[in-house]
1. Pull up the cross-link candidates among the aspartates and glutamates for A:Lys279, meaning alpha carbon to alpha carbon under 15 Å and not fewer than 8 places away within one chain.
2. Using protein heavy atoms only (no ligands, DNA or RNA), what is the total accessible area buried between C and A, 1.4 Å probe, nearest 100 Å²?
3. Using a loss threshold of 30 Å², tell me which positions in segment B:183-200 are less accessible in the complex than in their chain alone. Probe radius 1.4 Å, ligands and nucleic acids ignored.
4. Where in segment A:49-70 does the amide nitrogen come within less than 19 Å of the point 7 Å from the Cα of A:Lys41, taken along Cα to Cβ?
5. Using 7 Å Cα-to-Cβ label points, what is the B:Ile59/C:Ala182 separation (nm, one decimal)?
6. Kindly flag which residue pairs out of A:Lys58/A:Lys197; A:Lys58/C:Lys232; A:Lys332/B:Lys151 have an alpha-carbon separation exceeding 28 Å in this structure.
7. Using a 1.4 Å probe over the heavy atoms of the protein chains, calculate the carbon and sulfur portion of the accessible area of the protein assembly as shown as a whole percent.
8. Just to be sure I understand: if I project the alpha-carbon convex hull of chain A onto a plane and average over all orientations, what area do I get in nm²?
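The values are calculated or read from the model by the stated rules, or taken from the named source; none is laboratory data. The model shown is predicted, which means the values in this text are computed figures rather than measured ones. Note: ideal-geometry Cβ built from the backbone for every residue, glycine included; neighbour counts use all protein chains shown. Heads up: the accessible areas ignore ligands, DNA and RNA and are worked out on the full protein's heavy atoms, side chains in. Shrake-Rupley method; radii C 1.70, N 1.55, O 1.52, S 1.80 Å.
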Amino acid sequence: MKKKKEMKRREFIATTGMAVGAALVTSSIGPFVHTTMAKGKTLRICSYGGSYQESQRKAFFEPFADKFGVKIIETSGPDIAKIKAQVDNNAYEWDLADLETRHVARGELENLLEPLDTNVVDLSGIDKKALRKAAVGNIFWTTSLAYNKEALKGRKPASSWADFWDVKNFPGPRALQDQAPFNLEYALIADGVPMDKLYPLDLDRAFKKMGEIREHITVWWKNGAQQIQLLTSAEVNYSSAWNGRVNVAQTKGVPLEIVWEGGCVDLDWWCIPRGNPNKDLAMKFIDFALSAERQGEQMAKYIAYGPTNLGAFKYISDERAKQLPSYPENLKKQFAHNADYWGAKLAEVTERWKLWMIS
Amino acid sequence: MSTLIPKTNGKNQQQRAALRQFLLVLPALIALLLFFVIPIGSIFVKSLFDPDLTFKHYIYFFQNPLYTRVLWITLQISVLATLTSLIIGYPLAYVLRRAKPTVRSGFMMCIVLSFIISLLVRNYSWIMVLQRNGVVNMLLTTLGIVEFPLKMLHNKIGVMVGMTHIFIPYIVFPIYSVMTGIDLSLEKAAQNLGASRWQTFWRISFPLSLPGIGAGALLVFIMSIGFFITPALLGGRKEQMLSNLIQIQVVDLLNWSFASAMSVILLAVTLIIFAFYNRYLGVERLWGGVKL
Amino acid sequence: MKKAAVKKTYWHDPMHVGWPLWIVAGSAVFFLIVPILLLVVMSFGSAEIIEFPPSRFSFDQYRMFFAHPAWQSAVSNSLLVASLTAVVATVLGLMASLGLVWGKFKGKGFMNAFILSPMIVPLIVLGLAYYVSLVKLDLLGTRLGLIIAYTPLALPFTVLPISATLRGFDRRLEHAALNLGANRFQTFMKITLPIIRPGVLTGAIFAFMIAFDEVVIALFICGSDAITLPKKMWDVIRYEIEPMLPAISTLLLLLALVVLLLIGFLQNRLAKRMGNG
């Protein structure tokens, strides 16, 4: 009798288990392969996630979806390698991507990006620095010297890259990004090269100057979280950092400061993989997102980057504008990241950089 | 006893049995062929055709001092990581084998749970623990053991801590598995014959557990050759791994043919090591199957 | 030379472990769980910045996680892909082990090595390989693509423990059952499987873990339709701090603990029942 009862119970558990399992598998998750996208009414956008993508969501994606009745599918982690895979195989995962300059430069060299149709996209108000054949800049962002006020314990903070190199008067652990771009420019600036004469880079001089500081760099940071964490936890006194993240930390009460002097102003770009059948809708979106009003809203309310549409400043308060990289006062003190130089030279300079790092 | 063994009709039934068993293995073989051999093959092809047949990427790899030096660093770090994992993992396996069931389950659970913390989060925990004003340094300085914080992060120490932490389960399980196959009465016999504990261990238990050590060390060494995330986050400027360079070629530089060539070279290195292992310890002893 | 006739009895007991060894093993286990403890503590701290020790106690991180469908979707994607990979790898691995351990056919050694070969391929090589080949099948960025990539990776980790357990299994038990009239399937389900269950479970757990926590291949394969938890963490950490991570990890730990305890409990019950049956 007991055996029968136990058998029944066991079978019951087994069948319920399978039923629950089947329900879970079929219900919550969805298709295992790509579902065919309804062209013209869906837009797949790939950006950087986190608070940046959230600012885009609030300022662009949701208003665009509402106004034009389009469904926007977001994803993150854009890179040119995936775009190459998509273009080479005519299998598109993204209709629109937000790319870094180095990826845009490479993409243009390998003809992976769709040129913009100026009939659809109004580029009239856009800053010249943000115009390229197959991409248009959507934000100005800066990488510059940053520090934690409290970590300095009352000492005078460094106010230039020359100060950063001066370990005697501005002591303490330091951090820099583990890559050649930006750092080599900082080294040249610290060595006295005027900002408008940086490119093409005198590599020997730059590496020599880097050699002076190398042993004083405690951390070579690899990603965005690290740089802010290092400053926030006072693990280092000084580091190069992205102004947007510094600003976000500031809003959370962390006493960080950024130095505009000698900063490298760079852009992010809207790009369309070449040959994407959905490109018309993508361009319509770009046109929408570049408008002064939309950019103004993004920068004023959501994230501290600089608009590429100069008319956007109309919508941004003066106090807020001072925090942005493309505010004229700030812009004067910075140099522009040269995409064409790095597009051509990244491979060989990176190899030289890596070899130098392990020597 | 022989009446319990089903009677065979000679060769026919044996052949049928062999076929049946082969068919059992077939699905796995097909899966591997489709989903493993073909993708790897495409990398081979990509490394040699750019777009026409060329060996230039291989030649470039060996001519440029960066790549050979980074390969060397990769091997060094892998050897070090394997050794530290062994030093910590072997005693753990030894104790696991002899512990009471409840203690053993508890330890096992800790090992399995350490598995499920994502790699990335794990590394950030270690950063919290090892950094200049991290947990360990705070303890050491407040207790007065050291005057200045120790540098345990962004150098080899950090990398070893991070990698060992990840590798311990992979090294403990093979050793433990082999140890469970060792009859403990052998040890008892040895001690009855007058051997000391150390002698028993060194001349009986340890040699018998060698297949497990070999298997675990092989697995961990090969895993660490391909590592780049942990060394990147926890290491310093000198801890550069080859996989990192491959990733840069793939993602930033779009030089997939060169990346493929580097991958093939990396694979060749692991194959050579595996061949050495096979020669001296034998593949069939991987993870058990100790015959006395 | 005659040794003293009386020796303490525990000295002969091979199961005895001296206290120095206990300290070493205990330290090793402590080392293993240090990050776990840290994460659990941090998960109850602020959701604004990552700090240790946390300056205040709050459930903010958990609240944030439950309010973010993208993270929940990443977690469920990972759970789904890992579970299915574990199932496929365990079934294939079980069948292959049965064939390889007991089979008498040519080429067995080679097949054994072949099945284990994914273990020796560095992950980045696999990642690139799948990237280049899956894109042609339009399987990049899909869950199926992930399962396809993870199954060969997990297969050696199921075959190894299952084979090891099988080798210790006494086939005469099977022969006895067959002689008593059971067919092959019944014999397998009622005799063989229960005994080799520990090996099967070990394999399944390893397969699950490997697929669940895999980062490198996920970086290559994940896309809009299928984002796994490691990929999402990577993306976020690239650009900013994600303070929710300790909470997510703690929740996963809880899940793992529950599953492990359940498995242990079920095993105990089944063992007892078999003892009575």
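1. Hits, sequence-local ones excluded: A:Glu93, A:Asp95, A:Asp98, A:Glu114, A:Asp117, A:Asp287.
2. 3200
3. Buried by 30 Å² or more upon assembly, which counts only protein chains, are B:Leu184, B:Lys188, B:Gln191, B:Gly194, B:Arg197.
4. A:62-70
5. 6.6
6. A:Lys58/A:Lys197; A:Lys332/B:Lys151
7. Roughly 63 percent of what the probe reaches on the protein assembly as shown is carbon or sulfur.
8. Computed as one quarter of the Cα hull surface, the answer is 25.3 nm².
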